[in-house]
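The values are calculated or read from the model by the stated rules, or taken from the named source; none is laboratory data. All values reported here derive from a predicted model rather than from experimental measurement. For neighbour counting, all protein chains shown are included, and Cβ atoms are generated from backbone atoms with ideal geometry for every residue, glycine included. Note: areas computed on protein heavy atoms with side chains; ligands, DNA, RNA excluded. Shrake-Rupley method; radii C 1.70, N 1.55, O 1.52, S 1.80 Å.
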Amino acid sequence: MAHPEGARAQREQRRGPVVRRHGQMQQGTTDQHLLDTRGTADWVHEDPFRVMRIQSEFVEGFGALAELPPAISVFGSARTPVDSAEYEAGVAIGRGLVEAGFAVITGGGPGAMEAANKGAMEAGGVSVGLGIELPFEQGLNPYVNLGVDFRYFFVRKTMFVKYASGFVVLPGGLGTLDELFEALTLVQTKKVTRFPIVLFGTAYWRGLVEWFRDTLIAEGKAGLHDLHLFHVTDDVDEAVALVTKEAGA
């Protein structure tokens, strides 16, 4: 079908790889918008600028963590009380991981994260905290000796997996579950290999394990072999042994 004469002669605006026509054309040029000091600052909140922020977060994270020794990410609730058995278990796990030759990576917050960082630092190891910008600012706990703060959850989550050889998951809430299920999915789909996942606290995780077996697997939404994607234990030494043996320090 022949194009109307006007279509061949239509005006268009090219800005790098972007082509704008008709009502999508904008006034001025890219250089003009950059150099025009009379413009508003709205552009810092627009998606193209966010891409640069995202890129910079990846670069900063990769740069800070690239020379880490073998590491294990430890997850758990920010609400875990300091005087609780869970907190003491977190301290012992952090200490045990360092003694086994691993750095410890947490979300850098309080509670179970602080406990693991405390154990790692007191054992003389590398204690990493990957913080996140939240409406209720927490800040990095005092036991972090290498910290990176992120704006974007998905960048931070990449660092947890990329620079860790396995996960230890203490009792936690939605953030802990988010990290756990992402790790399980990555292992199940073989996006990562040799990535042990240990759930600490059999009583806490029992309901989830039963749901996996009696609902998820029973209804054919997962395979029986998927129960072998993780281990469950109440023993600190066993948790450390399982996650470090499979990770192969």
remark   = Candidates for Rg/Rh (Cα atoms, Kirkwood Rh) are [x] 1.16; [y] 1.09; [z] 0.93, and the calculated one carries label [x]
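At R0 = 35 Å, how high is the FRET efficiency between VAL192 and PHE49 if r is their beta carbon distance? Nearest 0.05 is fine.
Details: r = 31 Å, r/R0 = 0.90.
Here the calculated transfer efficiency is 0.65.
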task = Have a look at GLU210, GLU60, GLU114 and tell me which one the Gaussian network model of the chain (Cα, springs below 10 Å) gives the largest fluctuation.
result = GLU210
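Keeping all protein chains in place, calculate the accessible area per residue for the chain (probe 1.4 angstrom), answer in Å². Walk me through the numbers before you get to the answer.
Numbers: 14400 Å² over 249 residues.
The answer is 58 Å² per residue.
In the neighborhood of GLY201, defined by Cβ-to-Cβ distances under 13 Å, what is the net charge if each Lys or Arg adds +1 and each Asp or Glu adds -1?
That works out to -4.
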request  = Collect residues whose amide H, placed 1.01 Å from N in the peptide plane, falls under 5 Å from the amide H of VAL232; neighbours closer than 5 in sequence don't count.
outcome  = LEU199
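Quote the charge dipole size of the chain about the Cα centre in Debye, to the nearest 20; the model charges only the Cβ of Lys and Arg (+1) and of Asp and Glu (-1).
Values: 23 positive and 31 negative charges, 257 e Å.
With Lys and Arg at +1 and Asp and Glu at -1, about 1240 debye.
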remark   = With the dipole of the chain defined by +1 on each Lys or Arg Cβ and -1 on each Asp or Glu Cβ, the option from PHE167, LEU216, TYR204 whose Cα lies farthest towards the positive pole is LEU216
remark   = If one builds a Gaussian network model of the chain from Cα atoms under 10 Å apart, the most fluctuating residue listed among HIS45, HIS22, HIS228 is HIS22
task = Using per-residue counts of other Cβ atoms within 10 Å, averaged over each peptide, order 155-164, 63-72, 104-113 from highest down.
result = 104-113, 155-164, 63-72
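Please report, as a whole percent, how much of the solvent-accessible surface of segment 71-170 comes from carbon and sulfur atoms (probe radius 1.4 Å).
Numbers: 1990 of 3810 Å².
Answer for segment 71-170 is 52 percent, counting heavy atoms of protein chains only.
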ask   = Between GLU12 and ALA218, 0.36 nm times their residue separation minus their Cα-Cα distance comes to what?
value = 68.4 nm
